[in-house]
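Comments concern the structure below.
The values are calculated or read from the model by the stated rules, or taken from the named source; none is laboratory data. Quick caveat, the model's predicted, so the values are computed rather than measured. Here the Cβ positions follow ideal geometry from the backbone for every residue, glycine too, while neighbour counts run over all protein chains shown.
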Amino acid sequence: MGGNYKIAVIPGDGIGPEIVGQTLRVLDQIGVTYGHHFKYEEMLAGGCAIDATGEPLPVETVAGCQKCDAVLLGAVGGDKWDDLPGPKRPEMALLGLRGQLGLYANLRPALLYKQLRDACPLKPEIIGERIDLLVVRELTGGIYFGPKGRRDTAAKGQEAFDTEVYSEAEVERITRMAFEIARGRQRRVTNVDKANVLESSRLWRAVVTRVAADYPEVALNHMYVDNAAMQLVRDPKQFDVIVTTNMFGDILSDEASMITGSIGMLPSASLGQGNFGLYEPVHGSAPDLAGQDRANPIATILSAAMMLRYSFGLTQEAEAIESAVERVLEAGYRTGDIMSPGQTLVGTEKMGQLICEYIAKGA
Ligand code: IPM
Ligand code: MG
């Protein structure tokens, strides 16, 4: 029997409305094929919210999200708002949503599709059989949320600071999330920190080590972040699940995305307690591509698949989207970012339409 689901939809800025538009189309197709009903509530956040209300994250948006079962977000930001002061910038909408909705765990899978091996900048011998890793990034703590500010000093002019703060409780819950997920994968967790320099990393590492004892079936190793950045391009197959802090996870997930061919392919899920989650592509608003039907909607479409899996427990439906994406790639259709010679170039809308058609056709 089909279910009813209420989704908060935040298209945002730049290419956001286009990629979200195609994703809703795909969800509607899932609804038709599997007998579910998805109800969308559109909300403002980011630059468009600043233009309309003066605030990057209006209170109604947070309240509206809380009334829904999950949130689908496109992207926020753009040159137009780049000169605004820190708290007024569009990016604050993301941090505010994550913080206020308690979404402390950010899952960023980096999967290299075999059809896209040509788009991967690494040599075939480095790629090996497959690249399939998951970055589990802490999302509501660390330097993003610690005390920050500016102060005047007499001798050196202005001084600015941001502070990395982690509590044992924060590290423990993200570590448990990573180990629980690793159980259903290859059972390997790499903890990434900077424990040779940072006190916060030393506490982080101690907590990860302690929690790991509860998961004897999962292997744990530790890596400093500089080495991890190198290992990701030297030998990415060594990784299964990477658990790391907010800022290191931000940086390493962009790097991981590139080895999968294009950042345009990478979805993400931000989770807290319970089934509620926020789903968005890892990439940004790409203002240079906006309104030209050139953006790759796949990262957002795959984010919707993660929503079906993690928030709604609809595994078969999630797999239907993932398999449709794979078959569209198999058939040679590519947006500009993943284009290679001999393939068929398509726009944002056509890509969405093709994915719907393959869902309708079934596996
Ligand atoms: C991301 C983005 C955001 C982050 C920015 C836009 C605030 O880079 O989701 O990775 O740093 O978390
Ligand atoms: Mg980032």
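State which residue is surrounded by the most Cβ atoms within 10 Å (Cβ to Cβ) when the search covers only the range 244-292 and only residues that are assigned to a loop (DSSP other than H, G, I, E, B) and within 14 Å of ligand 2 (Cβ to nearest atom). I'd like the intermediate steps shown before the answer.
Let us first name the residues in the range 244-292 that are assigned to a loop (DSSP other than H, G, I, E, B), namely 245, 259-262, 266, 272-276, 282-286, 290-292.
Of the ones still in play, those that are also within 14 Å of ligand 2 (Cβ to nearest atom) are 245, 266, 282-286.
On the way: THR245: 29, LEU266: 25, VAL282: 23, HIS283: 24, GLY284: 19, SER285: 25, ALA286: 22.
Checked the range 244-292; the qualifying residue surrounded by the most Cβ atoms within 10 Å (Cβ to Cβ) is THR245.
Looking only at helices (runs of 4 or more DSSP H) that fall completely inside the range 293-363, which ones have 3 or more residues that are touching a helix residue (DSSP H, G or I) at 6+ places or on another chain (Cβ under 6 Å), over 24 Å from SER253 (Cα atoms) and in the same structural domain as GLN273 (by TED's automatic domain parsing)?
Working: elements: 298-310, 315-330, 348-361.
Correct list: 315-330, 348-361.
Within the range 122-172, can you find the residues that are in a loop (DSSP other than H, G, I, E, B) and modelled with pLDDT of 95 or more? Break it down into steps so the answer makes sense when it comes.
The first filter runs over the range 122-172 and keeps only residues in a loop (DSSP other than H, G, I, E, B), leaving 122-123, 128-131, 139-141, 145-147, 154-156, 163-167.
If the condition is that a residue be in a loop (DSSP other than H, G, I, E, B) and modelled with pLDDT of 95 or more, then LEU139, THR140, GLY141, PHE145, GLY146, PRO147, THR163, GLU164, VAL165, TYR166, SER167 are the ones that fit.
Quick one: is ALA52 among the hydrophobic types (A, V, I, L, M, F, W, C), buried (at least 24 other Cβ atoms within 10 Å of the Cβ) and without any contact (Cβ under 8 Å) to a residue 60 or more places away in the chain?
Details: among the hydrophobic types (A, V, I, L, M, F, W, C): yes; buried (at least 24 other Cβ atoms within 10 Å of the Cβ): no; without any contact (Cβ under 8 Å) to a residue 60 or more places away in the chain: yes.
Criteria not met by ALA52.
Considering each of VAL225, VAL233, VAL218 in turn, give the residue that is in contact with a Lys or Arg (Cβ under 7 Å, 6 or more places away or on another chain) and away from ligand 2 (no atom under 16 Å from the Cβ).
Values: VAL225 fails: away from ligand 2 (no atom under 16 Å from the Cβ); VAL233 fails: in contact with a Lys or Arg (Cβ under 7 Å, 6 or more places away or on another chain).
That would be VAL218, the only listed residue that is in contact with a Lys or Arg (Cβ under 7 Å, 6 or more places away or on another chain) and away from ligand 2 (no atom under 16 Å from the Cβ).
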Worksheet item: Out of all the residues in the range 258-273, which are touching a strand residue (DSSP E or B) at 6+ places or on another chain (Cβ under 6 Å) and either within 11 Å of ligand 1 (Cβ to nearest atom) or modelled with pLDDT under 95 (or both)?
Response: THR260, SER268, SER270
Item to complete: Return the pairs, sorted by first residue and then second, in which the second residue is in a strand (DSSP E or B) and surrounded by fewer than 18 Cβ atoms within 10 Å (Cβ to Cβ), the first residue lies in the range 57-81 and is touching a residue at least 12 places away in the same chain (Cβ under 8 Å) and on the phi < 0 side of the Ramachandran plot, the beta carbons are less than 7 Å apart, and the residues are 6+ apart or on different chains.
Response: GLY64/GLU41; CYS68/LYS6; CYS68/GLU41; ASP69/LYS6
Worksheet item: Which number in (1) in contact (Cβ under 8 Å) with a residue 24 or more places away in the chain; (2) surrounded by fewer than 10 Cβ atoms within 10 Å (Cβ to Cβ) marks the one condition that TYR144 misses?
Response: (2)
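Among the residues of the range 218-243, write down those that are part of a helix (DSSP H, G or I) and among the small types (Gly, Ala, Ser). Working first, answer last.
Keep residues of the range 218-243 that are part of a helix (DSSP H, G or I), which gives 225-234, 236-238.
ALA228, ALA229 - these are the residues of the range 218-243 that are part of a helix (DSSP H, G or I) and among the small types (Gly, Ala, Ser).
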Practice prompt. State which residue pairs qualify: first residue exposed (fewer than 13 other Cβ atoms within 10 Å of the Cβ) and inside the range 117-135, second residue assigned to a helix (DSSP H, G or I) and among the aliphatic types (A, V, I, L, M) in any location, beta carbons under 8 Å apart, and separation of 6 or more residues or different chains.
Written response: PRO121/MET258
